[in-house]
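Colleague: Can you read through this structure? Questions will come right after.
The values are calculated or read from the model by the stated rules, or taken from the named source; none is laboratory data. Just so it is clear, the model here is predicted, and its values are computed rather than measured. Cβ coordinates were reconstructed from backbone atoms using ideal geometry, including for glycine residues, and neighbour counts include every protein chain displayed. Ligands, DNA and RNA are stripped out before the accessible areas are found, and what is left, the full protein with its side chains, is counted by its heavy atoms. Shrake-Rupley method; radii C 1.70, N 1.55, O 1.52, S 1.80 Å.
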Amino acid sequence: MATITVFESVTLDGVMQAPGRPDEDTRGGFTHGGWALPYQDEVAMRFAGEGMSESGAMLFGHRTYDDLLGFWTTTPVPNPFTDALVASPKYVVSRDGGTELGYPNSTLLAGDAAETVAALKQDLEGPVTVLGSGELARTLFAAGLVDELVLLVHPLILGTGTTLFGDAHVDLELRRSVTTTTGVLIAQYAVR
């Protein structure tokens, strides 16, 4: 059976919307996109690189899949993420069975997210990482399908934007924590 890890950047008030770029996700009139950029440092990059170097699959909602791979496969700056993203097996959850996936090693999970991911978890072995995909992450938490959570908690309060947990109730056990030079707390939790 696979283990599912949700890997998210959040603010102190739980906002996870558009950490990477101003135009990443403007739904709901969100104007604070790119809020995580000033906090990047070598400590956070090394931590993220550790996870990317482990073999395993990635799990995305359709919107995040298109956005994240679209960005990293077109960026001219050499980085360790593009090759890992392209080479890794990718599973993409979509309600639409006609969704076309534009990147190699991608498999569509069409239908209800909780049902299709539960079946995937039973069929696969090894780690599966959810990157971004807030709606999918909330669904997986509610269905009890998440085994681990890695949060990059940024020392910032936005007061607006889509939050990661919504009304989910999740009991966590801290396994590891790292503080970056910019004050980001990276916390790795097991879901009890």
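Colleague: What are the residue pairs meeting all of these: first residue in the stretch 1-25, first residue of a type in the set (S, T, N, Q), second residue in a strand (DSSP E or B), Cβ atoms under 6 Å, and 6 or more apart or on different chains?
Modeller: Thr3/Pro127; Thr5/Thr129; Thr5/Glu148; Ser9/Leu152; Thr11/His154
Colleague: Next question. Which residue out of Glu135, Glu115 is modelled with pLDDT under 95, surrounded by fewer than 18 Cβ atoms within 10 Å (Cβ to Cβ), outside any loop (DSSP other than H, G, I, E, B) and on the phi < 0 side of the Ramachandran plot?
Modeller: Glu135
Colleague: Pick out the one residue from Thr64, Thr31, Thr3 that is open to solvent by 10 Å² or more (accessible area, probe 1.4 Å), among the β-branched types (Val, Ile, Thr), out of contact with any Cys (no Cβ under 6 Å at 6 or more places or on another chain) and part of a loop (DSSP other than H, G, I, E, B).
Modeller: Thr31
Colleague: Now a separate question. Val128 fails exactly one of the following numbered conditions: (1) over 25 Å from Glu24 (Cβ atoms); (2) part of a strand (DSSP E or B); (3) in contact (Cβ under 8 Å) with a residue 24 or more places away in the chain. What is the number of that condition?
Modeller: It is condition (1) that Val128 fails.
Colleague: Ok, one more. When both residues are 6+ apart or on different chains and their Cβ atoms are under 7 Å apart, which pairs have a first residue that lies in the stretch 69-80 and is under 18 Å from Asn105 (Cβ atoms), and a second that is aliphatic (A, V, I, L, M) and assigned to a helix (DSSP H, G or I)?
Modeller: Pairs found: Leu69/Leu85; Trp72/Leu85; Thr73/Val86; Pro80/Met52.
Colleague: Keeping to the stretch 79-94, report how many residues are within 18 Å of Glu125 (Cα to Cα), at pLDDT 95 or above and not in a loop (DSSP other than H, G, I, E, B).
Modeller: 3
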